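The values are calculated or read from the model by the stated rules, or taken from the named source; none is laboratory data. Remember, it's a predicted structure, so these values are computed and weren't measured experimentally. Reconstructed Cβ throughout: ideal geometry from the backbone, glycine too, with neighbour counts over all protein chains shown.
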Amino acid sequence: MRHNPNAPRKVIAVDLDEVLARTSLAVADFHNDTYGTSLTMDDFISYDYTKIWGGTREESILKWRQFFDSPYFLKVEPVEGSLETLK
């Protein structure tokens, strides 16, 4: 079968947070160091982060933007075995 460069590309999407990467752990470290909290992994019971750290939806979005722009984002560790699973 020949490759057709004009054919639509197929995309495989995978969940990143807590499936491939330990995002919540890095977010907890970021939030604790930045806002003086003491969040642990046990606090991450929802993806509605206003239920975790309070505040408004807009404040939560701002915190996520700050996290993505911070060195903490670059320290997100892969879940053990996740890289091998993707190969």
Among the numbered criteria (1) among the hydrophobic types (A, V, I, L, M, F, W, C); (2) touching a residue at least 60 places away in the same chain (Cβ under 8 Å); (3) outside any loop (DSSP other than H, G, I, E, B), which single criterion is violated by Val19?
(3)
Just the residues that are among the hydrophobic types (A, V, I, L, M, F, W, C) and modelled with pLDDT of 95 or more, please, taken from the range 53-72.
Ile61, Leu62, Trp64, Phe67, Phe68
Mind counting the residues in the range 44-63 that are assigned to a helix (DSSP H, G or I) and either in contact (Cβ under 8 Å) with a residue 24 or more places away in the chain or under 14 Å from Arg22 (Cα atoms) (or both)?
1
Any hit, the range 31-40, residues being aliphatic (A, V, I, L, M), surrounded by 11 or more Cβ atoms within 10 Å (Cβ to Cβ), modelled with pLDDT of 90 or more and in a loop (DSSP other than H, G, I, E, B):
yes
Any idea which of (1) out of contact with any Ser or Thr (no Cβ under 9 Å at 6 or more places or on another chain); (2) surrounded by 13 or more Cβ atoms within 10 Å (Cβ to Cβ); (3) among the basic types (Lys, Arg) is the one Arg2 doesn't satisfy?
(2)
Which count do you get for residues in the range 29-62 that are touching a Phe, Trp or Tyr at 6+ places or on another chain (Cβ under 7 Å) and closer than 15 Å to Phe73 by Cβ?
3
Just checking, which of Ala7, Ala28 is in a loop (DSSP other than H, G, I, E, B) and at negative phi?
Ala7
Read through the list (1) of a type in the set (Ser, Thr, Tyr); (2) at pLDDT below 95; (3) surrounded by 15 or more Cβ atoms within 10 Å (Cβ to Cβ), then give the number of the only condition that Tyr47 fails.
(3)
